[in-house]
């Protein structure tokens, strides 16, 4: 990991990326912005960031998981935090397997992200719950698993789940993590 605090933000929402970037710059990070996997790959040719923030759902055909995989392959010591408005256990597990150190649901602020960079070790002290998973949670997990399998294509996901596209869109809007 580099001695300077160089941060790569991969986010396709330009306004959010700029705001997050400015916030990290005020904390003495040097920030690089990319809106896609390809832009991030180009930046990695000239820079070696020690930190990265990756949006899970990007507008191009690549998901943030592909970005996490590429970043981890570039530098296994890089601290990568995944941000998403579509949090699910399936994508969280995959992000960690691919090299992310943390997975945060939006909205997350700079404090949350910086804390995630500092909290990379697991803890056996996490309290376990005795609550059974609800049917709604299971449905939500299955929907997000199908979304990830279809690269976040709503029409393809609806087809795979055997439901009407508008029904799926309503479920996603109703349950979206804001």
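Here, each number is a calculation from the coordinates, and none is a lab measurement. What you see is a predicted model; the values in this text were computed from it and never measured. Every residue, glycine as well, gets a Cβ built from its backbone with ideal geometry; the counts of neighbours run over all protein chains shown.
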Task: Largest-first principal axis extents, alpha carbons of the chain, Å - done: 49, 39, 28
TODO: Note down the nm distance, to one decimal, between modelled labels 7 Å out along Cα→Cβ at residue 42 and at residue 59.
DONE: 1.5 nm
Open item on the list: If you fit an axis through the alpha-carbon atoms of helix 89-98 and take the longest principal axis of the Cα set of the chain, what angle between them do you get, 0 to 90°, nearest 10?
Closed with: 30 degrees
Open item on the list: Taking 22 Å as R0, compute the FRET efficiency from the Cβ-Cβ separation of residue 77 and residue 112 and round it to 0.05.
Closed with: 0.50
Task: Net lengthening on full extension, residue 18/residue 97 (0.36 nm per residue, minus Cα-Cα) - done: 25.6 nm
Open item on the list: Using the alpha carbons of the range 1-100, what is the convex hull volume per residue in cubic angstrom, as a whole number?
Closed with: 87 Å³
Open item on the list: Compute the angle between helix 37-46 and the longest alpha-carbon principal axis of the chain, please, reported from 0 to 90 degrees and rounded to the nearest 10.
Closed with: 20 degrees
Open item on the list: Compute the helix-to-body angle for 135-149: its Cα long axis versus the longest principal axis of the chain, expressed 0 to 90° and rounded to tens.
Closed with: 60 degrees
TODO: Multiply the residue gap between residue 119 and residue 163 by 0.36 nm, knock off their C-alpha separation, and tell me the result in nm, one decimal place.
DONE: 11.9 nm
